[in-house]
Ligand code: TTP
Ligand code: MG
């Protein structure tokens, strides 16, 4: 029997800023673009700000209308990445089978505990450990697979623990809106709602063949996911050839700030995933899909492999600029890194290339030597 734990930090960027700035305590805090310029979006906000209806990806101008007395702060991605790395070190001490789910979340296979009581114990210990070490709260979900565990971690935020046993999974999911399921984005949600399906329970009782005829292969997945059936396989990315992430905008856009902000987030995610596996990359590719579905790739290969987020973002920004000249709106963007090397091998390569004493340099210094494009 598999037992999977999913841990997700509470209002991550905002929580880190609150920790660093005690004067923000108790106030509504919104991390994102500068409301004075009105363009751009909210990255995240703390829980007091959420009571005004503010949420991630909302235009910052709308957030400002909803919450004019809030504190508005620009994101500091390098800081959040640093904290994320420390958190991941803590998470990893609770399971040898581990997978990062993004900058502030991870899946752990804790089947070794044997039963759900002990799993709850692990969840409590992990939460306490994270708080004591980093003064940040997280929410934890425990379930029979990654899908249920992820929904469970979101169920009692902030600072919650939700344990869902295999036999309770379908009933647990049933009252939730379909959007809560992994793989149901805004467009799938819209299509399901048009069919009169708004809750997971309605999806459970829908005819899976009818779903397949509308959604293709995804239809079968949707039905299984609604019933609480999911993967128990985590980690184990052997011989990774590439790491990539892409996102579709909720509505097509030509807003360069919004596009670059999402590009930044994708870069942070990619670097996170690369570092989790001690990988560094040499080739960076961006994908841009316009509103008419015309799709283009553009790549750049660095002289030496790196896992530096700043370098990655500079390359991505440079590659993106020509796409902003087009009159069409952008529907989807993606970032992919290939030519992956194990960090230690790359250090050796760099070390051989440079003088012997330079090969004694620390990781950080080596990273700083990574080529920069302007
Ligand atoms: P989430 O875990 O989705 O959100 P959160 O941690 O802020 O809040 P919650 O308590 O609900 O988990 O995302 C993690 C971080 O990723 C978030 O703090 C900021 C960033 N992010 C963006 O920059 N843009 C986005 O649209 C989203 C969803 C997140
Ligand atoms: Mg979170």
Taking into account only those residues within segment 1-17 that are more than 16 Å from ligand 2 (Cβ to nearest atom) and surrounded by fewer than 24 Cβ atoms within 10 Å (Cβ to Cβ), which is farthest from residue 233 (Cα to Cα)? 1
Only one of these is within 24 Å of residue 125 (Cα to Cα) and either in a loop (DSSP other than H, G, I, E, B) or within 14 Å of ligand 1 (Cβ to nearest atom) (or both): 49, 15, 63, 57. Name it. 15
Given (1) over 24 Å from residue 182 (Cβ atoms); (2) at pLDDT 95 or above, residue 151 misses just (1)
Being assigned to a strand (DSSP E or B) and away from ligand 2 (no atom under 16 Å from the Cβ) is the filter here, so list the residues in segment 18-45 that pass it. 41
Quick check on my filter: what residues within segment 64-86 are within 28 Å of residue 270 (Cα to Cα) and touching a strand residue (DSSP E or B) at 6+ places or on another chain (Cβ under 7 Å)? 72, 73, 75
From the list 200, 130, 184, which one is closer than 30 Å to residue 44 by Cβ and more than 16 Å from ligand 1 (Cβ to nearest atom)? 200
Segment 161-190 - residue that is free of Cβ contacts under 8 Å to residues at least 24 places away in the same chain and assigned to a strand (DSSP E or B) and, of those, farthest from ligand 2 (Cβ to nearest atom): 177
Filter segment 66-77 for residues that are touching a helix residue (DSSP H, G or I) at 6+ places or on another chain (Cβ under 7 Å) and either in a helix (DSSP H, G or I) or modelled with pLDDT of 95 or more (or both); the one that is nearest to residue 130 (Cα to Cα) is 77
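Would a scan of segment 238-256 turn up a residue that is over 28 Å from residue 41 (Cβ atoms), touching a strand residue (DSSP E or B) at 6+ places or on another chain (Cβ under 8 Å) and surrounded by fewer than 16 Cβ atoms within 10 Å (Cβ to Cβ)?
Looking for residues that are over 28 Å from residue 41 (Cβ atoms), touching a strand residue (DSSP E or B) at 6+ places or on another chain (Cβ under 8 Å) and surrounded by fewer than 16 Cβ atoms within 10 Å (Cβ to Cβ), one finds at least one in segment 238-256, hence yes.
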Restricting attention to segment 105-160, and to residues there that are in a loop (DSSP other than H, G, I, E, B) and surrounded by 16 or more Cβ atoms within 10 Å (Cβ to Cβ), which single residue is farthest from ligand 2 (Cβ to nearest atom)? 144
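Which residues, taken from segment 230-257, are part of a strand (DSSP E or B) and closer than 24 Å to residue 84 by Cβ?
Going through segment 230-257, the residues part of a strand (DSSP E or B) turn out to be 242-253.
Answer for segment 230-257, where residues must be part of a strand (DSSP E or B) and closer than 24 Å to residue 84 by Cβ: 242, 243, 244, 245, 246, 247.
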Quick one: in segment 220-231, of everything that is surrounded by fewer than 19 Cβ atoms within 10 Å (Cβ to Cβ) and in contact with a helix residue (DSSP H, G or I) (Cβ under 7 Å, 6 or more places away or on another chain), which residue is farthest from residue 286 (Cα to Cα)? 227
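The values are calculated or read from the model by the stated rules, or taken from the named source; none is laboratory data. Since the structure is predicted, the reported quantities are computational estimates derived from the model, not experimental observations. Cβ: placed from backbone, ideal geometry, glycine included. Neighbour counts: every protein chain shown.
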